[in-house]
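First the structure, in the form of structure tokens, and then the observations on it.
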Ligand code: AHM
Ligand code: MG
């Protein structure tokens, strides 16, 4: 019988990868894993409970919030607060940073950026949703941490991951030494190592983009879509179009099977739709660690300057060879 390795065991075993670490990062990851299990429980029973629907409030992006967004946001913040290893949480659902100024966390050295429930507009139709998280070390050594500690480039992430609440629930994360995936075994209530050392195929046959926005795309994106649809045996085209509309699910599928996910600028969203801090940077870190590539069409996502908490960025992410070809198509439109 193969040995089951739980997320908790794995995190402890890997602590030796960070000679400077004193266990805080491990505890932080463990806290996120616990909150993920609680959120998973609620997402799974969403259809049964009166928890679906709008919470009545809007988030700062002007989008209506669903109850589970609010619930997930509260759960992750509560877990990070009681864990005591995080001094600031930046959440996609909150306009301002949240300082966890309790006694226990006042000397905490980590910052967590989180999209607590991405793709939440899909919940009422039972489509996978996800949580995306990103961890940074605070820049300042002492005193209260500030927004300045949060606005760091993607290259500064010490860890990033996502949870996909799908046909099974998985937690996938990296600390910059490869990517590992854990599947929640509901019978024991533990995330168990199921996808060690995940690698994205160098190329693939799936392209994921909201083609309904075609008329609003830059010419380079239009040309790349046409390229995906042209027959060519050598590159196994035409590629299949696969778009769930839930970033975590779309990128997770492409990570396993090989493919490209694109959310470009459009005439109505001149900076793209997805958020650099909460969505693009963590996903870029994970995909790069799995051997893939992530750019905004011309520059590496992880190298982009972060000047605003809720900044948006266009993104081309996935199998390295496919992203490089898409980037060539974009060269004349940036
Ligand atoms: P959200 O953070 O408000 O849930 O929005 C992000 C989601 C992503 O999961 C997904 O890739 C994208 O929005 C889909 O957008 P669109 O409906 O424009 O294709
Ligand atoms: Mg989101």
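Nothing in this text is a laboratory measurement; each read-out follows from the coordinates by a stated rule. Source: prediction; values computed, not measured. Positions of Cβ are generated from backbone atoms using ideal geometry, with glycine treated the same way; all protein chains shown enter the neighbour counts.
Some points to look at:
- Test result for residue 124, surrounded by fewer than 23 Cβ atoms within 10 Å (Cβ to Cβ), over 13 Å from the mean Cα position of the chain (by Cα) and not in a loop (DSSP other than H, G, I, E, B): yes
- Residue list for the range 88-121, filter: part of a loop (DSSP other than H, G, I, E, B) and within 24 Å of residue 22 (Cβ to Cβ): 100, 101, 102, 106, 107, 108, 109
- Restricting 122, 94, 126 to those that are within 16 Å of ligand 1 (Cβ to nearest atom) and closer than 14 Å to residue 247 by Cα reduces the list to 122.
- Among the conditions (1) in contact (Cβ under 8 Å) with a residue 60 or more places away in the chain; (2) in a loop (DSSP other than H, G, I, E, B); (3) away from ligand 1 (no atom under 16 Å from the Cβ); (4) within 29 Å of residue 293 (Cβ to Cβ), residue 158 misses just one, which is (2).
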